[in-house]
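The structure under discussion appears below in the form of structure tokens.
The values are calculated or read from the model by the stated rules, or taken from the named source; none is laboratory data. Predicted model only: the values in this text are computed from it and were never measured. Here the Cβ is made from the backbone with ideal geometry for all residues, glycine too, and neighbour counts use every protein chain on show. Side chains included, ligands, DNA and RNA excluded: accessible areas come from the protein's heavy atoms. Shrake-Rupley method; radii C 1.70, N 1.55, O 1.52, S 1.80 Å.
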Amino acid sequence: MNQLEKKEPLQAILIDDNFSDCFVPFTERKPLSLLPLVNVPLLDYALETLNRSGVEEVFLFCSNRVEQVRAYVQRQQQLNRCSWSVGMSVTIVSSEGCRCLGDALRDFDAKGMVRGNFILMGVDTVTNASLGVILEEHKRIMKMDKGATMTVLYKEGVPQQRTGNEIVIAMEKNTKRLLYHQRLKPQQKEKNFNFPLEIFLQNKEVTLRHGLFDPQIAICSPTVLPLFSDNFDFLTRDDFVRGLLINEEILASTIYVSPLPKEEYAIRINNWQTYQLVSRDIANRYVYPLVPDMGVCGYRQQYSFCRNNIYRHQEIHLARGSMLKTDVVVGENCEIDENTVIDHAVLGKGCRIGKKCRISNCFLFDGVEVGDGCELDYCVVGEAVKISSNCRLSNGCILGPNVVLPEGTNVAKVTLQSTKPNDDWTEGASEQIGAQAYTVPDSVPGNEFDSEEEDGPTNAINHSMRLCKLERGQDPPTDYSSSSEEGESRGMSPIQEDANIFLSEVLESLKRGFSERTNPDYLILEINSSRYAYNMSLSEVNFYVVKAILTLLTMQENAASAIVSTLSQLLAYFGPVFKNYIRGRDAMLDCLKAFEETSEEEEMVRSKIAQLVHFLYERDFITEEVILEWHQELDEDGPGSIKQSLAKLVDWLMQSSEEEEEDSE
């Protein structure tokens, strides 16, 4: 029996479709698995994760555009461009009549292809978790509980964030056996929850967890497939979980929970908003090693990683006066003309951007052409789209492949495709705004961005959401995004308990990293993990990272006599960590506020505040404009105040600026 267990290959079922129309019009022509995420198809992220987890056999289930998926997999395997194409077999399993996850798993049961334990996930799940370790834990649970059917993976969520992936659960404290499961509605903030009384009467210790993310990853026992076959009302994984919890005694099956460690990332891309969040996370390196410069889809490094999370392909053309600001990925053979500004955006292969354009919070797929003087804000632009000069697109516009917009077009919150919708029920609802530009009505099933019908679990998990700015108070900035409002100039609040713990953890990570000379990228991962645990805002993270560095500075032996040179030595090592967080005006203000607070606590820093700030300026860590803005906001306390100590430095900066202006004139 032990020999048979050793020979059991590690298998995974990967579902190619999410069985919804949330990504129309892109999924009208291509399968979901080939939707590019930061210029890499979703399929490659999923296969790379499975390969890193030690999976040997992957069964890729397709129900839509099967030939395109098969051709892509075969091409990748023949070229051996990806690590997953070596040593891991990928078998395409197709069933075009499949309409839900339940149908797919019933098809697998009928074909008898999977007989042991297996990993179940979709191509729309992005994670860097080690799933092989969780599978071994599932096998251990099975030895103790013969009815153990599934282990579901959940990730600690963010309060008030709603993407359609959030759930509330109850589980037995010691064994982590799942007792109750409810998916939260995307557009509703519940104040009360109703739990069955029997789960508290029948279990000694019950743990309630609210707002967890459900990335739709499960470790399954061999009994899962027969259970789907025996219960045709199991359409989704939520149906399966709810059905087993209700009929646990009848079906003799139990489900267990495996919370992902805080340093591991996992989320399901079920709409354009989560697409936006995950794209930003990849640029911010929260999904390391699945980041652009690590070659997710190729052995050759294609991108250079620059400050402010700028990823530039080796072959691009950037004209004079154009600017890449923050969280920008520029693909191969892109051309960006003069005086164009790009911020928080991803550009695919061969994009052409004209002069004096403003592109922010946008995703441009391969071959997009943008004319002069265009402004794009919160948009998704499909392959080979042509946007003529002086167009304005905003508020979550979605342009399908090959759309052509006439000059001067001004649209907001619309979905466009290149051909007229030909379904009878859209008669008269679609509007033509160009020869190859037709609106897709929001009443299209699966495209109901403003729908209030969210009663079922399928509607909740597949709820369509456009790209948008995450406003504080509604959908606040989260671990997966940053809002400009977070970095606005404001005084830091006193350190509360969680913030104090966060600061101490960051300080411990930096001390250990400095003494052991750990790779700075690992320190960034540790800091981000602590941020997940304590729900720290981006502004607070910036502040406390700098404060931790300054605290470490005061601990050094030579700091009292040579504080500037000691800081220089520290930043020689911590430079990548510092630059990862302190980028842009708002983050630089957070940095200076950390100096301000530390100087009030440490005389050593206070006496040399001007020299330290000047050092940061000379090394391009902070800009002149930010220093002047911060200095203006400081309180006037007379001689000996921080503002007074900085007076000479500020006068020098202002004089230098005037001389530069005179020279330019």
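Structure data summary
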| quantity | calculated |
| --- | --- |
| Rg followed by Dmax, in Å, when segment 293-427 is reduced to its Cα trace | 15.3, 52 |
| Over the chain: helical MRE at 222 nm, DSSP H runs n ≥ 4 each giving -39500 (n - 2.57), nearest 500 | -10500 deg cm²/dmol |
| Segment 381-413-segment 330-360 distance, computed between alpha-carbon centres (Å) | 15 Å |
| Histogram of C-alpha separations across segment 20-76, 5 Å bin width, % | 4, 17, 27, 27, 17, 6, 2, 0 |
| Shape parameters for segment 254-355, alpha-carbon atoms, Rg then Dmax in Å | 16.2, 63 |
| Whole-number accessible area per residue in Å² for the chain, which is evaluated in the context of all protein chains at 1.4 Å | 43 Å² |
| Residues with amide H under 5 Å from that of L179, placed H, sequence gap 5 or more | A170, M171, E172 |
| q = 0.13, 0.18, 0.26 Å⁻¹: log10 I(q)/I(0) that the Debye formula gives for segment 341-410, counting C-alpha atoms only | -0.26, -0.53, -1.25 |
| DSSP-defined beta bridges in the chain - what % are antiparallel, rounded to 5 | 35 percent |
| Among the listed pairs K146/K176; K262/K579; K30/K355; K356/K420; K111/K155, those beyond 26 Å (Cα-Cα) | K30/K355; K356/K420; K111/K155 |
| Cα radius of gyration and Dmax for segment 126-222 (Å) | 14.6, 41 |
| Stokes-Einstein D in µm²/s, Kirkwood radius over Cα pairs - segment 50-94 at 20 °C with 1.002 mPa s viscosity | 196 µm²/s |
| For segment 1-103, diffusion coefficient by Stokes-Einstein and Kirkwood Rh (Cα), 20 °C, 1.002 mPa s, µm²/s | 147 µm²/s |
| Per-peptide average of other Cβ atoms within 10 Å, ordering 322-332, 239-249 highest first | 322-332, 239-249 |
| Phi to ³J(HN,Hα) by Karplus 6.51 cos²θ - 1.76 cosθ + 1.60 over segment 374-384, Hz, x for Gly, Pro | 8, 10, 10, 9, 6, 9, 10, 10, x, 4, 6 |
| Centroid-to-centroid separation of segment 527-601 and segment 6-63 [C-alpha atoms, Å] | 40 Å |
| Which of L201, L416, T623, positive extreme of dipole for the chain (C-beta unit charges) | L201 |
| Karplus-derived 3J(HN,Hα), 6.51/-1.76/1.60, for each residue of segment 90-98, Hz, glycine and proline x | 10, 10, 7, 10, 10, 7, 6, x, 6 |
| Column: log10 I(q)/I(0), Debye, Cα scatterers of segment 514-657, q = 0.13 Å⁻¹ | -0.57 |
| Amide proton proximity set for I267, modelled H, under 5 Å, gap of 5+ | V126 |
| log10 of Debye I(q)/I(0), alpha-carbon scatterers only, for the chain at 0.05, 0.07, 0.08 Å⁻¹ | -0.26, -0.51, -0.67 |
| HN-Hα J in Hz across segment 539-553 - Karplus 6.51, -1.76, 1.60, θ = phi - 60°, x for Gly and Pro | 4, 5, 4, 4, 4, 6, 5, 5, 5, 5, 5, 5, 5, 5, 4 |
| For segment 1-98, share of DSSP beta bridges that run antiparallel, in % to the nearest 5 | 15 percent |
| Antiparallel %, DSSP beta bridges [both residues in segment 138-273], to 5 | 75 percent |
| Per-bin percent of Cα-Cα distances, segment 66-166 [5 Å] | 2, 8, 14, 17, 19, 19, 13, 7, 2, 0 |
| Nonlocal amide H pairs with V440, under 5 Å, H built at 1.01 Å | T415, L416, Q417 |
